[in-house]
1. What tally of residues in segment 76-90 results from selecting those that are in contact with a strand residue (DSSP E or B) (Cβ under 8 Å, 6 or more places away or on another chain) and open to solvent by 30 Å² or more (accessible area, probe 1.4 Å)?
2. Where in segment 178-250 are there helices (runs of 4 or more DSSP H), lying wholly inside it, with at least 2 residues that are open to solvent by 90 Å² or more (accessible area, probe 1.4 Å)?
3. Which is open to solvent by 60 Å² or more (accessible area, probe 1.4 Å), in contact with a strand residue (DSSP E or B) (Cβ under 7 Å, 6 or more places away or on another chain), among the aliphatic types (A, V, I, L, M) and modelled with pLDDT of 90 or more, of Leu54, Leu43?
4. Which ones in segment 132-154 are among the hydroxyl-bearing types (Ser, Thr, Tyr) and either touching a strand residue (DSSP E or B) at 6+ places or on another chain (Cβ under 6 Å) or modelled with pLDDT under 95 (or both)?
5. If only one of Leu73, Leu26 is out of contact with any Cys (no Cβ under 8 Å at 6 or more places or on another chain), modelled with pLDDT of 95 or more and either small (Gly, Ala, Ser) or buried (at least 16 other Cβ atoms within 10 Å of the Cβ) (or both), which one is it?
6. Out of the residues in segment 100-137 meeting the condition of being surrounded by 16 or more Cβ atoms within 10 Å (Cβ to Cβ) and among the small types (Gly, Ala, Ser), tell me which one is farthest from the chain's Cα centre (by Cα).
7. Just to be sure I understand, how many residues within segment 129-144 are without any contact (Cβ under 8 Å) to a residue 60 or more places away in the chain and not in a loop (DSSP other than H, G, I, E, B)?
Amino acid sequence: MNQRTSVMTHVAWVPPEWVEAAERTLDGMEESHPSRTIVLVPLPEEESAIDVTLDVRSFAAGDRAIASEVIWLRLGGERAAAPASLVLPLALSDLPVFLRWRGEPPFGAAHWDQLVGLADRLVVDSSEWNSLRYPELAGVFERIAVSDIEWARTYQWRVKLAETWPGIREQEIRIRGPRAEATLLRGWLASRLRRPIRPIEPAGELGVRLGGEDLRPPAEQPRSPSELLSAELDRFARDRIYEEAVLAAV
């Protein structure tokens, strides 16, 4: 027997180049977050039309199977400019709405403002952006709770650096790593220590040099995109520490 259940409405804005990655992420998270998922695929260069596909997915839960829904809406032409009118009738009443935005948000665009306006939480991954548009992201902090998957990736480093308190207050700090991850860690340190931190140095992995000595990376198990997104879907309140890190990074 299949029991259909949902704990939220999960809306995902997924441009065509992100569809494959989005499918892999969804495949790994239904069991932890059964939801009605609405995937919006904008196709503004195509003829104005809406193509709808419904996918019901099942997973084991004890002696029964739980089913959740994935609704794919491919929005052609002008339909891609007004997605909120399509999402609202499909959203589950009295349940939170989470918005996952794949790729770089078009800050200020009508469809961006519409979807931010109807969701309770926005989840981005700033490593997917061509440029780090943190000032514009900060502009929505008073409208919606925001999560950044790159911020989650810095967690173990933040724990490790917090353990160096209070000596870290006066030490020289050098941060290297992937652009978004290193920038957010630098912003966090600047906001907590309330002093400038020198610009980041590009590198393939996150690293910190403290007082002239390279710190050993924290021991951690890498988390999959599904696990990272799933963790963000457990959060409801604003993350003030993250917001301050973004503002300091700006």
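1. Residues that pass the stated criteria total 3.
2. The helices (runs of 4 or more DSSP H) meeting that bar are 240-249.
3. Leu54
4. Ser147
5. Just a single option satisfies the conditions, and that option is Leu73.
6. Filtering segment 100-137 for residues that are surrounded by 16 or more Cβ atoms within 10 Å (Cβ to Cβ) and among the small types (Gly, Ala, Ser), the one farthest from the chain's Cα centre (by Cα) comes out as Ala119.
7. Number satisfying all stated conditions: 1.
Conditions tested, residue by residue: (1) out of contact with any Lys or Arg (no Cβ under 7 Å at 6 or more places or on another chain); (2) more than 16 Å from Leu122 (Cβ to Cβ).
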| residue | (1), (2) |
| --- | --- |
| Val159 | yes, yes |
| Trp165 | yes, yes |
| Arg174 | no, yes |
| Arg192 | yes, yes |
| Ser224 | yes, yes |
| Ala231 | yes, no |
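The values are calculated or read from the model by the stated rules, or taken from the named source; none is laboratory data. Source: prediction; values computed, not measured. Quick reminder, even Gly has a Cβ in these numbers, built from the backbone with ideal geometry, and neighbours come from all protein chains shown. To get the accessible areas, we keep the full protein, side chains included, count just its heavy atoms, and leave off ligands, DNA and RNA. Shrake-Rupley method; radii C 1.70, N 1.55, O 1.52, S 1.80 Å.
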